[in-house]
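These notes concern the structure reproduced below.
The values are calculated or read from the model by the stated rules, or taken from the named source; none is laboratory data. Bear in mind that the values here come from a model prediction, so they are computed numbers and not experimental data. A quick note on method: Cβ atoms are made from the backbone with ideal geometry, for glycine too, and the neighbour counts reach across all protein chains shown. Please note that ligands, DNA and RNA were not included when accessible areas were found on the heavy atoms of the full protein model with its side chains. Shrake-Rupley method; radii C 1.70, N 1.55, O 1.52, S 1.80 Å.
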Amino acid sequence: MSDDPDKVWPTGLTLREAEEVHSYLIDGTRVFGAIALLAHILVAFSTPWLG
Amino acid sequence: MRSLRTIAINRLAAVGPRYLPFLDVATDEVPLSRLLRLSLFQVTVGMALVLLAGTLNRVMIVELNVPASLVAIMLALPLVFAPLRTFIGYKSDVHVSALGLRRVPYIWKGTLYQFGGFAIMPFALLVLSGYGEAVDAPRWVGYTSAGLAFLLVGAGVHMVQTVGLALATDLVKEDDQPKVVGLMYVMLLFGMVISALVYGTLLEDYTPGKLIQMIQGAAVVTVALNMAAMWKQEARDRVRARQMLEAQHDPFREAIARVATSHGTIRLLLVIALGTFGFGMADVLLEPYGAQALGLSVADTTRLTALLATGTLIGFAIASRNIGLGQMPVRVALAGVAVGVPGFAGIITSSLGGAALLFPVGTVVIGLGAGLFGHATLTAMMRAAPRDQVGLALGTWGAVQATAAGVGIALAGIVRDVFVGLSHGTGNAPHAPYNIVFTAEIVFLALAILVALPLAARRANNKATPRSADQQSNPVEVSWQR
């Protein structure tokens, strides 16, 4: 296990694995952000705030 | 100091595998508690189905004053994605991941879509109904946002269910598949019953604020349950990740063609479509039939739903047991359809001067038939698939099943409305439109029997050649030994 040169520390994941975990995080954040933005716009339509 | 540090590190190392998602190694046998946890995804599917087809159907029409035709179109939108289940299942089969994951990434994406749809749904519905200042908003905002919300939830449900079932199939041996199918169906039913009760209590006195709380609460519960369901179910696996990189897969078109040409699959799918269509049409009509044709009270008709569910549970139990003992899934499915025919016949006679008792008895019998049929056809589809095509096979099953059920429910309502409209002029009895639909269901079930008969006969002949031999050398499980 420990002789794998690709491994990055301190997680013990290889670079490709770390990048994949990261991609899930990024995708999740993007979708969540888009949904939140849309929800705020819709709320603003029915009960406007900021004037 | 040093010993303290060592102790702390050892403690952390011991804790790690229990609480971290990727550190788990799959063992040969999967304990029941883990399968129960996995089946939580079916609860969220049930929650979404009840919210869309039951609760919101009513709330949009009664409390939000949205035109009924628009509501029907909105609620039918998730059906658009049902055929895509085949593709989702295929994608999860050929998924390339450095972590060696196949199913979990798709369950996660599906969960995100479910959550996203629920998160914007209440506001979209309020804008659609012109609540508050939204009266002045352009109409297309309400239409598109509500449509998007329903599409997102539908896409999420299709993804989570298809890939979740594929993951469950991956985890267990073929002998245990009937039990797992039973468990998955029971949890779906459980989720639907519990969430129907909860939504009903929450919306007893409707306010827009409560609608927002309820739907967004459903969003949070969905994410929580799905996270719990997929937690540590699929092991991180470098060997499998390497295999994924090197593996050559057929393109989607060829893979689907191979499934289609394999022994009796098309026929099985046709049986699933006909049977699901036949049973599905009953779901929405039993309650209004009891009220309008037989004059039952609201409490009595609610009890009908419980009777139907009881029959279905008994059906799952019998199917689990019999298939587990080695009976052919196709024959159990055949028995389910055959049981359904007298069930519908009993319901029709109960309004034509037959004994009133025939109606509840017929309802239980229909539930029993539907339970046997649903369980057996899903198990048959699981067994028909080679291990590396489980996702594709279950996707195809889901596409056919969801489409047939959805179209059945929609058509049943439309046909009934048309005949109710016609009978206003002619003065027909109130049970006439329902009995037309019930008769149509008997016809569809009879067709399903006709299509299934050769399948049951042919499979019986093939039984001489044991097909369990190739199942023992399981490429997935071999690669789990790290």
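Couple of notes before you dig in:
- Meets criteria (polar (S, T, N, Q), out of contact with any helix residue (DSSP H, G or I) (no Cβ under 6 Å at 6 or more places or on another chain) and in contact (Cβ under 8 Å) with a residue 12 or more places away in the chain) for residue B:145: no
- Residue within region B:426-440 that is assigned to a helix (DSSP H, G or I), within 19 Å of the chain's Cα centre (by Cα) and buried (at least 20 other Cβ atoms within 10 Å of the Cβ) present: no
- Residues being in contact with a His (Cβ under 8 Å, 6 or more places away or on another chain), within 14 Å of chain A (Cβ to nearest Cβ) and surrounded by fewer than 23 Cβ atoms within 10 Å (Cβ to Cβ) - total across region B:85-102: 0
- Residue list for region B:98-149, restricted to those being under 26 Å from residue B:84 (Cα atoms) and outside any helix (DSSP H, G or I): B:98, B:99, B:100, B:101, B:102, B:103
- Taken across region B:179-197, residues that are without any contact (Cβ under 8 Å) to a residue 24 or more places away in the chain, more than 27 Å from residue B:81 (Cα to Cα), assigned to a helix (DSSP H, G or I) and assigned by TED's automatic domain parsing to the domain that holds residue B:48 do occur, with at least one present.
- The one condition in (1) open to solvent by less than 40 Å² (accessible area, probe 1.4 Å); (2) more than 10 Å from chain B (Cβ to nearest Cβ); (3) modelled with pLDDT under 90 that residue A:33 fails to fulfil: (3)
- Going through (1) of a type in the set (A, V, I, L, M, F, W, C); (2) open to solvent by less than 50 Å² (accessible area, probe 1.4 Å); (3) touching a Ser or Thr at 6+ places or on another chain (Cβ under 6 Å); (4) more than 30 Å from residue B:303 (Cβ to Cβ) one by one, residue B:171 falls short only on (3).
- Within region B:369-396, tally of residues that are in contact with a helix residue (DSSP H, G or I) (Cβ under 7 Å, 6 or more places away or on another chain) and open to solvent by 40 Å² or more (accessible area, probe 1.4 Å): 3
- In region B:259-277, residue nearest to residue B:103 (Cα to Cα) [restricted to those that are open to solvent by 60 Å² or more (accessible area, probe 1.4 Å) and at pLDDT 80 or above]: B:266
- Given (1) farther than 25 Å from residue B:456 by Cβ; (2) in contact (Cβ under 8 Å) with a residue 40 or more places away in the chain; (3) open to solvent by 60 Å² or more (accessible area, probe 1.4 Å), number of the condition residue B:251 does not satisfy: (2)
- Residue B:150, sole failed condition from (1) under 22 Å from residue B:209 (Cα atoms); (2) modelled with pLDDT under 85: (2)
- Hey, residue B:418 β-branched (Val, Ile, Thr) and within 21 Å of the chain's Cα centre (by Cα) or not: no
- Taking the listed residues B:68, B:82, B:124, the one that is open to solvent by less than 20 Å² (accessible area, probe 1.4 Å) and either within 14 Å of chain A (Cβ to nearest Cβ) or free of Cβ contacts under 8 Å to residues at least 40 places away in the same chain (or both) is B:124, with no other qualifying.
- Some residue of region B:168-177 being away from chain A (no Cβ under 12 Å) and either more than 26 Å from residue B:86 (Cβ to Cβ) or among the basic types (Lys, Arg) (or both): yes
- Of all residues in region B:53-65, those satisfying the criterion of being part of a helix (DSSP H, G or I) and surrounded by fewer than 21 Cβ atoms within 10 Å (Cβ to Cβ) are B:53, B:54, B:57, B:58, B:61, B:62.
- Residues that are open to solvent by 10 Å² or more (accessible area, probe 1.4 Å) and either in a helix (DSSP H, G or I) or at pLDDT 90 or above (or both) within region B:356-368 comprise B:358, B:360, B:361, B:364, B:365, B:368, listed in sequence order.
- Every condition in (1) at the interface with chain B (Cβ under 9 Å from one of its Cβ atoms); (2) at pLDDT 90 or above; (3) surrounded by fewer than 16 Cβ atoms within 10 Å (Cβ to Cβ) is met by residue A:19 except one, and the failing one is (2).
- Annotation note: Cβ proximity below 9 Å between a residue of region B:157-168 that is in the same structural domain as residue B:92 (by TED's automatic domain parsing) and a residue that is basic (Lys, Arg) and open to solvent by less than 10 Å² (accessible area, probe 1.4 Å) (sequence gap 6+ or interchain) occurs for B:158/B:85; B:159/B:85; B:161/B:85; B:162/B:85; B:163/B:103; B:164/B:103; B:166/B:103; B:167/B:103.
- Residues being over 27 Å from residue B:281 (Cα atoms) and either part of a helix (DSSP H, G or I) or touching a Ser or Thr at 6+ places or on another chain (Cβ under 9 Å) (or both) - total across region B:323-332: 1
- Of B:313, B:294, all but one fail to be open to solvent by 50 Å² or more (accessible area, probe 1.4 Å) and part of a loop (DSSP other than H, G, I, E, B); the exception is B:294.
- Taken together, B:106, B:90 contain a single residue that is of a type outside the set (A, V, I, L, M) and over 20 Å from residue B:219 (Cβ atoms), which is B:90.
- Reported count of residues in region B:316-337, each being closer than 20 Å to residue B:269 by Cα and surrounded by fewer than 18 Cβ atoms within 10 Å (Cβ to Cβ), is 1.
- Residue in region B:101-109 that is within 30 Å of residue B:38 (Cα to Cα) and aromatic (Phe, Trp, Tyr) present: yes
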